[in-house]
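Trainee: Have a look at the structure that comes next, please.
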Amino acid sequence: MMKMKQWFWLLLLLVCVQPVGARRSERKARLRMQERAAACDSVRSLIYMIGDGMGLAHVSLLQISEGYENRVAFDRAENIALIRSYSANNRVTDSGAAGTALATGHKTNNDMLGVLPDSTAVESMMEKAVRRGMTTGIVTTCYINHATPGAFYGHQIYRRTLEPIADQFVASGIDVAFGGGRRYFSSVREDGRTPVERLREKGYRVIDSLSQADTIRSGRVVGLFASKHLPYAHKGRGNYLPEAVDKALEILSNNAEARNSGFMLMVEGSMIDYVSHDNDAEAIVAEMRDFNRAVRAAMDFVDAHPGTLLVVTSDHETGGLTLPSGDADFSKAESGVLTVFGSTSHTAVMLPVYLYGTGAERINGVMENTELANRLMTLLGLE
Ligand SMILES: [Zn+2]
């Protein structure tokens, strides 16, 4: 018997309103990509977006909920790839091992963060970028010392050692971080100071609402906007994620100009995973719409800033989401699309990678999540 929740949703008209316009813009995008490939433009900056728990069905659900006549930001991708997400010790990865793979180019065991299975710390692409003088940042909707953002600067045998990961952020040299986790940055450490105090000593502005960044155009800033996670999209997070992406890109591009360097920004749509663990289709749509707005903001930035590559991918699929027909009898007209969940946990399916901007034509095919990371580091000259 199908659960009630599974019968949720939706049918929308399959009318394409402006097919000619859409074809023209696709042709233009292809031409742009071919021109860039011919010119062999160098990738100076990277925006790396990770929808935590986001599988292809999540993107498909977004497309259906928006209506096929309305193209979502993901549909603007200029190239695509698929990645395999298994960890070093499990065919189904957790966020720690998957984040480590995407950030460092190395597979590790589930529950580990920024270390190899033998516990050796391994440098992430963001740490390499800091070392090369690039300006770097993180935007997330969970706490900034959580697994996915933490994999870009943290090194722990156990990913839930949250205070040590916060301390590693303080030492990381990352210029911008927006997210939650104030409680992990506010407790007094052995030296008698809090991570917030140590950040201020290092010249960071530490803010507790995004509006406080309105007058900040460059430099180092850490926004701790919640004690732990930010609210869910369907519970009042508002336009935080796309606005935080815009602000981080403004600060990082100004920093990059001042330093004559590139930048790297990691953006996580964290709560897609949480609502997928809950098998809550309505909340998934809200999180995907929010992440889609953030992807659109990043794509608009890329359009105006040649030399920037945008990569949108996922660490693993959560929920085993499928979108079957509401009726098996296909002699009938459209019978709606159901949302059916096969799991309350993570799954082993391959994950989409969407590429846009300079260098987009240089990554495609089926690869390991680690190979994606390694190819990005090569494109940025970080190897
Ligand atoms: Zn995850």
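Bear in mind these aren't lab numbers, they're just calculated from the coordinates by the rules spelled out. Just so it is clear, the model here is predicted, and its values are computed rather than measured. Every residue, glycine among them, receives a Cβ derived from its backbone with ideal geometry; neighbour counts consider all protein chains shown.
Trainee: Where a ≥ b ≥ c are the square roots of the eigenvalues of the C-alpha gyration tensor, would you call the stretch 23-141 rounded, which needs a/c under 1.5, or, failing that, prolate if a/b is larger than b/c, or oblate?
Mentor: Oblate, because a/c is 1.5 or more while a/b does not exceed b/c.
Trainee: Quickly rank 346-352, 287-293 as a protection proxy: mean count of other C-beta atoms within 10 Å, highest first.
Mentor: Answer by packing, highest mean first, reads 287-293, 346-352.
Trainee: Determine the shape class of the stretch 39-109: with a ≥ b ≥ c the square roots of the Cα gyration tensor eigenvalues, call it rounded for a/c under 1.5, and otherwise prolate if a/b is greater than b/c, oblate otherwise.
Mentor: The shape class here is oblate.
Trainee: Taking 8 Å as the Cα distance limit and 6 or more residues as the minimum spacing, I'd like the relative contact order of the stretch 155-220 as a percentage.
Mentor: Averaging sequence separation for qualifying contacts and normalising by length gives 26 percent for the stretch 155-220.
Trainee: When the Karplus curve 6.51 cos²θ - 1.76 cosθ + 1.60 is applied with θ = phi - 60°, which whole-Hz ³J(HN,Hα) does each residue of the stretch 71-87 get, with x for Gly and Pro?
Mentor: My calculation for the stretch 71-87 gives 6, 8, 4, 4, 5, 7, 3, 9, 7, 9, 8, 10, 10, 9, 10, 3, 9 Hz in order.
Trainee: Right, here's the next one. When the helices in the chain are scored as -39500 (n - 2.57) per DSSP H run of 4 or longer and the sum is shared across all residues, what 222 nm value do you end up with, to the nearest 500 deg cm²/dmol?
Mentor: -11000 deg cm²/dmol
Trainee: Here's a follow-up. Under 5 Å between amide H atoms, partner at least 5 residues away or on a different chain: which partners does Asp52 have, H built in plane at 1.01 Å?
Mentor: Here Gly269, Ser270, Ile272, Asp273 satisfy the definition.
Trainee: Right, next: Classify the chain as rounded, prolate or oblate from the Cα gyration tensor: take a ≥ b ≥ c as the square roots of its eigenvalues, call it rounded if a/c is under 1.5, otherwise prolate when a/b beats b/c and oblate if not.
Mentor: Here the chain falls in the prolate category.
Trainee: Which entries of Lys128/Lys247; Lys128/Lys228; Lys28/Lys128; Lys28/Lys332; Lys235/Lys332; Lys107/Lys235 have Cα-Cα distances beyond 32 Å here?
Mentor: In this structure, Lys28/Lys128; Lys28/Lys332; Lys235/Lys332; Lys107/Lys235 lie more than 32 Å apart at Cα.
Trainee: Counting only C-alpha contacts under 8 Å and six or more residues apart, can you give the relative contact order of the chain as a whole percent?
Mentor: Relative contact order, the chain: 30 percent.
Trainee: Something else: For the ranges 119-130, 168-179, what's the packing order if you count other beta-carbon atoms within 10 Å of each residue, average per peptide, and put the highest first?
Mentor: 168-179, 119-130
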